[in-house]
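Written out below as structure tokens is the structure these notes cover.
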Amino acid sequence: MEQQNTTCQAKSTQQNQTCAQTMSGKQNQATEEKLLNNIYQNVKMGVDAINTLLPKVEDQAMRQDLTTQLLGYEEFSTQATKLLLEQGKTPKEISAFQKIPAEAGIHMNTLRDRSNSNIAEMMINGSIMGIIDTTRTLNQCRETCPKQLTQLAHDIIDFEDNNVTRMRAYL
């Protein structure tokens, strides 16, 4: 807000109001983009984790639950991508700094233990991190983001929460 004042200060009152609205709109758009990219990266992390885990899962019920989650993550990824493209933005991919340690962690954890319980625990931890990250970002734009976007974030949080509940059965 302080930046708005210095940027818009030298203009007339009407121009100042227009300038402040423009600056505020840009900030809202940046927050919307941040939330959409957060959603996109969160669900892509879920896709990557499941794709890494599936070849290691032997139990058919667990495979089916993970496949159902995978389809959900892919659908949310498509929705986030569509909304970003509508804003003229490109989805920001997960950085190698995030991706490589996550994948290595999965390989290390399943190297010693491929049990349903261990896999469920990894999935639960990932879902909880996604819930926290999405909720934190959502709280930053709850008042300014469009309803469609906040609803998408809430849908993903609910989806993640349901994933946690489903994975608890395997602990």
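For THR134, state whether it is without any contact (Cβ under 8 Å) to a residue 60 or more places away in the chain, in a helix (DSSP H, G or I) and surrounded by 14 or more Cβ atoms within 10 Å (Cβ to Cβ). No, not satisfied. The condition of being open to solvent by 40 Å² or more (accessible area, probe 1.4 Å) and either without any contact (Cβ under 8 Å) to a residue 40 or more places away in the chain or outside any helix (DSSP H, G or I) (or both) holds for ASN51. Take the conditions (1) under 18 Å from GLY46 (Cα atoms); (2) assigned to a helix (DSSP H, G or I); LYS92 misses just one of them, which is (2). Considering the conditions (1) open to solvent by less than 40 Å² (accessible area, probe 1.4 Å); (2) out of contact with any Gly (no Cβ under 7 Å at 6 or more places or on another chain); (3) over 17 Å from ASN37 (Cα atoms), GLU121 is excluded by exactly one of them, (1).
A single entry from GLU93, GLU103, GLU75 fulfils the requirement of being open to solvent by 40 Å² or more (accessible area, probe 1.4 Å), more than 14 Å from the chain's Cα centre (by Cα) and not aliphatic (A, V, I, L, M): GLU103. Here the condition is being over 24 Å from ARG168 (Cα atoms), open to solvent by less than 80 Å² (accessible area, probe 1.4 Å) and not charged (D, E, K, R); of ALA80, ALA61, it holds for ALA80 alone.
Output the residues belonging to region 137-171 that are outside any helix (DSSP H, G or I) and open to solvent by less than 30 Å² (accessible area, probe 1.4 Å).
Once the filter is applied, which keeps residues that are outside any helix (DSSP H, G or I) and open to solvent by less than 30 Å² (accessible area, probe 1.4 Å), region 137-171 yields only CYS145.
The values are calculated or read from the model by the stated rules, or taken from the named source; none is laboratory data. Quick caveat, the model's predicted, so the values are computed rather than measured. Quick reminder, even Gly has a Cβ in these numbers, built from the backbone with ideal geometry, and neighbours come from all protein chains shown. Heads up: the accessible areas ignore ligands, DNA and RNA and are worked out on the full protein's heavy atoms, side chains in. Shrake-Rupley method; radii C 1.70, N 1.55, O 1.52, S 1.80 Å.
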